[in-house]
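Before any comments, here is the structure.
The values are calculated or read from the model by the stated rules, or taken from the named source; none is laboratory data. Computed from a predicted model, the values in this text were never measured in an experiment. Note that we place each Cβ from the backbone using ideal geometry, even for glycine, and neighbour counts take in every protein chain shown. Heads up: the accessible areas ignore ligands, DNA and RNA and are worked out on the full protein's heavy atoms, side chains in. Shrake-Rupley method; radii C 1.70, N 1.55, O 1.52, S 1.80 Å.
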Amino acid sequence: MDNNEKNKIGLYQEIDIPEGIETIIEDKSFTFKHNDKKISRSFIHLIDIKIKENKIVLSSKTKRKKEKKIFFTYIAHIKNMIKGLTEGFNYKLRVSNVHFPMNVVFNKDKREFVIKNFLGEKKDRIIKIIDNVDIKINGEDVIVSSYDIEKAGIVASSIEKGSKVKNFDRRIYQDGIFIIEKPGRTYL
């Protein structure tokens, strides 16, 4: 496509599809498949999405602010979907106990993350884990990994919120499980 045709179209972007990834567009949904992994996302009608050869072509007739926001969001989503299927995403959390020794366990069969003896509580805190997310516990570090960045982020934030200190002074009781690393950022 030459520059004159690109200028007639409001927004235009091509994204390469790596080998081994199958791409399907049906109605308003978009699906990537790689081996046994599958990620789907639905889109709205303002942006045209097509597959040409080994590329995904996104285009829009207008360049309004609304279309630009949606257009670049779709590009980011598609790149994250491809990266997730090829590399995967990891979130790293750190178990921090100041007052009481806290234990964490992941039960794969029940898909539950259990926090034992949090602030000396007798009752365990149980966090349900969604499918297609793996959790590994290495001493004080908890590693949440998935090929879907949204699911990995949801699980990591659920674990962090599940160990929130309530009815105590946060300056003194600094116990909890905190996100220290996520894709693209490190906090320590």
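Can you give the relative contact order of the chain as a percent, counting alpha carbon pairs under 8 Å and 6+ residues apart?
This gives 19 percent for the chain.
Pairs of alpha-carbon atoms within less than 8 angstrom and 6+ residues apart define the contacts here; what relative contact order does region 46-89 have, in percent?
Averaging sequence separation for qualifying contacts and normalising by length gives 27 percent for region 46-89.
Can you compute the FRET efficiency between K63 and E22 using 1/(1 + (r/R0)^6), with r the Cβ-Cβ distance and R0 = 35 Å? Round to the nearest 0.05.
0.65
Using unit Cβ charges (K, R positive; D, E negative) and no other charged atoms, how large, in debye to the nearest 20, is the dipole of the chain about its Cα centre? Spell out each step's value before the answer.
On the way: 38 positive and 27 negative charges, 180 e Å.
In debye, rounded to 20, the chain gives about 860.
Assuming R0 = 25 Å, what is the FRET efficiency of V98 and K123, from their Cβ-Cβ distance, to the nearest 0.05?
0.80
Taking the Cα centre of the chain as the origin and placing charges on Cβ (Lys, Arg +1; Asp, Glu -1), which of F30, N107, G120 is farthest toward the positive end of the dipole?
G120
Which of (i) 166; (ii) 110; (iii) 142 is the computed volume of the Cα convex hull per residue in Å³ for the structure on display?
Correct label, based on the coordinates given: (i).
Filter K65/K161; K68/K136; K68/K164; K33/K92; K69/K108 down to the pairs with a C-alpha to C-alpha distance above 32 Å, please.
Check vs 32 Å cut-off fails for K65/K161; K68/K136; K68/K164; K69/K108.
Which order do you get for K123, K92 if you rank them by accessible area with a 1.4 Å probe, largest at the top?
Working: K123 165, K92 60 Å².
Most to least solvent-accessible, the answer reads K123, K92.
How long are the semi-axes of the equivalent ellipsoid of region 46-130, defined as square roots of 5 times the Cα gyration tensor eigenvalues? Whole Å, largest first.
In descending order the semi-axes read 45, 16, 11 Å.
What is the calculated FRET efficiency for I143 to H45, with r their C-beta to C-beta distance and R₀ = 45 Å, to the nearest 0.05?
For R0 = 45 Å, the calculated efficiency reads 0.70.
Under 18 Å Cα-Cα from K52, which aspartates and glutamates qualify once same-chain neighbours fewer than 8 residues away are excluded?
D2, E5, E14, D16, E19, E22, E26, D27
Enumerate the lysines that K66 could reach by cross-link, defined here as Cα to Cα under 22 Å, with residues fewer than 8 away along the same chain left out.
In chain and number order, the partners are K6, K8, K28, K50, K79.
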